[in-house]
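The values are calculated or read from the model by the stated rules, or taken from the named source; none is laboratory data. Values in this document were obtained by computation on a predicted structure and should not be read as measured data. Here the Cβ is made from the backbone with ideal geometry for all residues, glycine too, and neighbour counts use every protein chain on show. Side chains are part of the model used for accessible areas, which takes the heavy atoms of the whole protein and leaves out ligands, DNA and RNA. Shrake-Rupley method; radii C 1.70, N 1.55, O 1.52, S 1.80 Å.
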Amino acid sequence: MYSNYALPFGIALSLILTTSPVGANPTDQKMPLAKLEDRNKTNQGLNTSDEPTGTLVLPQALALALTQNPELAAFSWETRAREAATLQARFFPNPTFGANAANFGNRVIRGFDGDVVTLELSQLIELGGKRAARTEAAALTKELADWDYETQRVNVLTQVSQTFIEVLTAQQRLVLTQQTQALANQMMATTSARVQAGKVSPVEETKARVALASVQIELMRAGKELEAARKRLAASWGSTEPRFEAVAGNLDAIQSLPTLASLLQRLANNPDLARWATEITQRQALITMEKAKAVPDVTATLGASKYLMPNDYALVVGFSIPLPVFDRNQGGILEAEHRLAKAEEERRSAEVRIATALNTAYQRLDAAHAEVSALRQEVMPGAQSAYDASREGYRLGKFGFLDVLDAQRILFGAKTQSLLALADYHKAVAEVERLIGGSLDENKQEALQ
């Protein structure tokens, strides 16, 4: 049942977002995610008290979430509970021991001389394959719990990947805002010098102060957003206070997109769809179990009676069997058949829902990819050129302060837009790979397998 559903996050995202952090072993960047996770688990000793410090890379965050995520741990306990239920279903019914005494108060045989003491041992014998059907249904129910765990595992990996991207984006946005603040400080110094030299009006200095104050507010907001994103990432491995200093990655790396039709053909790898084969088989097993209940069971009895007055013994043998006159479990069988029909409809509904989700995610991915390409090829070069020209012209007295301010806003607005588009692209990649159960690049996935 298990497959490489975690692999997409170690292929596309680890290659896209992972760079060598300070103090990291450069050979780690060439290892598949599974090996990196195993190595991280070994280094950490699977101790929940361990917290990552320094610079964090995506495979480390994924490994921590796989081993220490509270929600994932809860699903693992449900799997163990279903396994115990499967064990219980295999047992035979317990035998029954009975004892009774007779002839108390008999007028002819007074006292205890005429009493009869009978000891019996009864055993329920299940017929119709009840035990086998019960065991099969319990085993399939346990497999469904495995699928639920697998689905939750993939959900956690996707969430961690997207939150990691948010932290990385917030970091770069903070750096971008700091650069804007540095330029605003330079403009403030240049404007003050020009005012003191009498080349421009003091109003220009006021405008520069307002622009600097606005950037400082934006810097404070960026810092708060980064802190919130860091806490969300730490929460994925059950921590309330992040101890890592930063995350490392490269948002600029993008790849060409496969067609939507080729991705739709890979939906069978989605765990939400793959589980339905087990679900249908389990519903069929429940029908078999309900039909087995219609076969009456036999209770066999073996015992002995002791007659106290003659001091003699007698064997007692018997059996009992219910007569299926009224109750032949008709309702239970019909209920199980209806639930099988319901499962068939739910599987078709899941296929439509997941195909629609993939279509939606792919459209977001395609739009983000197109936006990034357009910003790189058209917007960013023009905005940078306009800003450089306006800044130099202001220094030479050819342009006014508003011209420089507008050019600066356009440039850093384009940089912010590009950063957000890259974040949307990588988050959409994580969502698409979660839906198809593999990497966007099939060749890369096969190589790592």
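Suppose the filter is hydroxyl-bearing (Ser, Thr, Tyr), open to solvent by less than 40 Å² (accessible area, probe 1.4 Å), without any contact (Cβ under 8 Å) to a residue 60 or more places away in the chain and over 17 Å from Lys427 (Cα atoms); does Thr191 pass it? So Thr191 fails the test. Of all the listed residues (Asp327, Asp406), the sole one being assigned to a helix (DSSP H, G or I) and of a type outside the set (A, V, I, L, M, F, W, C) is Asp406. Among residues of segment 383-402 that are touching a residue at least 40 places away in the same chain (Cβ under 8 Å) and assigned to a helix (DSSP H, G or I), those with a beta-carbon under 7 Å from a residue that is open to solvent by less than 90 Å² (accessible area, probe 1.4 Å) and of a type in the set (S, T, N, Q) at least six positions away or on a different chain give the pairs Arg395/Thr190; Phe401/Thr191. Of the residues making up segment 203-230, not one is surrounded by fewer than 16 Cβ atoms within 10 Å (Cβ to Cβ) and at pLDDT below 80.
Of the residues making up segment 342-361, those that are open to solvent by less than 30 Å² (accessible area, probe 1.4 Å) and either more than 14 Å from Ala268 (Cα to Cα) or not in a helix (DSSP H, G or I) (or both) number 2. Looking across segment 280-299, just one residue is surrounded by 15 or more Cβ atoms within 10 Å (Cβ to Cβ) and in contact with a Phe, Trp or Tyr (Cβ under 8 Å, 6 or more places away or on another chain), and that is Thr299. A residue that is touching a Leu at 6+ places or on another chain (Cβ under 7 Å), within 30 Å of Arg153 (Cβ to Cβ), not charged (D, E, K, R) and not in a helix (DSSP H, G or I) can be found somewhere in segment 431-438. Only one of the numbered conditions (1) among the β-branched types (Val, Ile, Thr); (2) buried (at least 18 other Cβ atoms within 10 Å of the Cβ); (3) closer than 30 Å to Glu120 by Cβ is not met by Val316, and that is (2). For segment 86-119, the set of residues classified as open to solvent by less than 50 Å² (accessible area, probe 1.4 Å) and at pLDDT 85 or above consists of Thr86, Ala89, Pro93, Gly98, Thr118, listed by residue number. Can you report the number of residues in segment 138-156 which are in contact (Cβ under 8 Å) with a residue 60 or more places away in the chain, more than 18 Å from Gly437 (Cβ to Cβ) and open to solvent by 30 Å² or more (accessible area, probe 1.4 Å)? Adding up the residues that qualify gives 2. Within segment 328-348, residues that are within 19 Å of Asp297 (Cα to Cα) reach partners that are open to solvent by less than 50 Å² (accessible area, probe 1.4 Å) and not in a helix (DSSP H, G or I) with beta carbons closer than 9 Å, at six or more positions or on different chains, in the pairs Arg328/Ala294; Asn329/Ala294; Gln330/Ala294; Gly332/Ala294; Ile333/Ala294.
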